[in-house]
Amino acid sequence: MSDTHYDLVVAGGGIAGLTAGLLSARAGRRTRVLTGPALGGQLLNIERIDGYPGFPDGIPGYELCPIVQEQAVAAGAAFSATPATGLAAQDGRWSVATGEGELRAGVVVIATGTTSKALGIPGEARLRGNGVSHCATCDGPLFRTRVVGVVGGGDSALQEALTLAQFASRVIVLHRGTALSAQAAYRDRVRDHDGVEVRTATVVEDLLGDPVLTGVRTRAAGGTVADLELAGLFVYIGLTPATAWLGGMLDLDPSGRIPIDEAMRSRLPGLFAAGTVRAGSAGRAASAAGDGATAAVAADRYLKDGAWRA
Ligand SMILES: Cc1cc2nc3c(=O)[nH]c(=O)nc-3n(C[C@H](O)[C@H](O)[C@H](O)COP(=O)(O)OP(=O)(O)OC[C@H]3O[C@@H](n4cnc5c(N)ncnc54)[C@H](O)[C@@H]3O)c2cc1C
């Protein structure tokens, strides 16, 4: 068989895709994983993955994901860093367009995850990399003993505020809502940390500075506008599912994610979705890994009997 024909192709090299690739290869299926731009996905930049089984003190994503990749390679999975750029049904199988040509497979597992949402305010694109960032682990050390801001009020925002507090002299969390939505464990740690301040009901309206960020203009709930001096701004206001490459082939839920059943099967035979790109994802690394495993096991069954959901 050539290296363009597979039982199963995984699109995505995050923890969901890596686990699907591992379990598929372990089942003896000819497996190819397309990792796209970031092997490890969102976890790649996380200093301490909390709540992942087996690691009571957390583990850096840049350590965990390469281990899973090595495991998958040892089991026989092939990897490439190229992205999937399109998908089409062909003669009862799937054709996956990639940066390195076309691949054919009986099953495709879509595990392309999410990308971080931008604020969508003027100057953001210009200042990204010049003070505006989505990665506390990568860019936090640049702001040693400086004051930085974090935008957002969920788990990611507070977790990354705590990472930044290891470097910055002060971290100011700016949240548009009146209450933080993060889980209690993060809220408590932030409340108890002298170096982290939370300002709720505060909207970041403008970014100041050229060519590098010097601060932000905020608007409080009562309408008061104020300028806040900041050396860096880290944005964690949500995630956008990476489904554009599917070209509308699947209906998506209102959040842009792929509806699936309990076995990670989409509406279309042979097409699975796993991890944060699928509807109803719990959004945690452990659940994404579990999705990948579920998809691989169900895919093996489908490749044997050809039965699909009703
Ligand atoms: C700041 C932050 C902190 C977090 N902290 C934690 C934590 O402590 N504990 C926890 O359990 N969870 C945490 N999470 C959530 C966790 O990161 C996600 O649940 C997990 O990464 C989802 O994995 P995934 O494989 O579904 O998607 P992603 O991690 O988003 O991976 C997507 C993969 O798809 C690839 N890709 C994208 N497009 C294509 C394409 N067209 N073709 C091929 N490949 C493509 C990307 O390169 C990447 O490899 C955090 C998330 C963030 C943002």
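For the chain, averaging the sequence separation of C-alpha pairs within contact (under 8 Å, six or more residues apart) and dividing by the residue count gives a relative contact order of 21 percent. Please list, by residue number, every one of the GluC sites (Glu not before Pro) in region 196-265 that is coil in DSSP and has at most 15 other beta-carbon atoms within 10 Å. Counting only loop positions with at most 15 other Cβ atoms within 10 Å, the GluC sites (Glu not before Pro) in region 196-265 are E262. Overall form of region 1-133: oblate. Here a/c, set by the Cα gyration tensor axes a ≥ b ≥ c, is 1.5 or more, and a/b is not larger than b/c. DSSP finds beta bridges in region 167-310, and of those with both partners inside it, around 70 percent are antiparallel.
Under 1.5 on a/c is rounded, so check that first for region 122-203, then, if it is not, pick prolate when a/b is larger than b/c and oblate when it is not; a ≥ b ≥ c are the square roots of the alpha carbon gyration tensor eigenvalues. Oblate, since a/c reaches 1.5 and b/c is not below a/b. Here the ratio of the Cα radius of gyration of region 167-310 to 2.2 N^0.38 Å is 1.47.
Share of carbon and sulfur in the accessible area of the chain stands at 52%, probe radius 1.4 Å.
Every helix of 4 or more DSSP H residues in the chain counts as -39500 (n - 2.57), and over all residues that averages to -7000 deg cm²/dmol at 222 nm. Judged by the gyration tensor of its Cα atoms, with axes a ≥ b ≥ c, region 174-232 is oblate; a/c meets the 1.5 cut and b/c is at least as large as a/b. Computed with a 1.4 Å probe over protein heavy atoms only, the accessible surface of the chain comes to 45 Å² per residue.
Here's the picture: charge each Lys and Arg Cβ at +1 and each Asp and Glu Cβ at -1 in the chain, and of G280, L158, N45 the one pushed furthest to the positive end of that dipole is G280. Restriction of the trypsin sites (Lys or Arg not before Pro) in region 1-65 to DSSP coil positions whose beta-carbon has at most 15 other beta-carbons within 10 angstrom yields R48. Label sites at A118 and R176, each approximated as a point 7 angstrom past Cα along Cα to Cβ, lie 1.6 nm apart. Take every pair of alpha-carbon atoms less than 8 Å apart whose residues are at least six positions apart; their mean separation over the length of region 209-310 yields a relative contact order of 16 percent. Charges were assigned to the Cβ only: +1 to each Lys and Arg, -1 to each Asp and Glu. The resulting dipole of region 126-193 about its Cα centre is roughly 260 debye.
Let's see if you can work this out: charge +1 on each Lys and Arg Cβ, -1 on each Asp and Glu Cβ, no other charges. What is the dipole magnitude of the chain about its Cα centre, in debye to the nearest 20?
380 debye
The mean sequence distance of close C-alpha pairs (under 8 Å, at least 6 residues apart), as a share of the length of region 118-263, puts its relative contact order at 26 percent.
Taking a sphere under 13 Å around the Cβ of I49 and counting the other residues whose Cβ falls inside, with K and R at +1 and D and E at -1, yields a net charge of -4.
Once the whole set of protein chains is in place, how much accessible area is left on S255, using a 1.4 Å probe, in Å² to the nearest 10? Accessible surface of S255 is approximately 60 Å².
The values are calculated or read from the model by the stated rules, or taken from the named source; none is laboratory data. Worth saying up front: this structure is predicted, and the values here are computed from it rather than measured. All Cβ positions, glycine included, derive from the backbone under ideal geometry; neighbour counts span all protein chains shown. Surface accessibility is based on the protein's heavy atoms, side chains included, excluding ligands, DNA and RNA. Shrake-Rupley method; radii C 1.70, N 1.55, O 1.52, S 1.80 Å.
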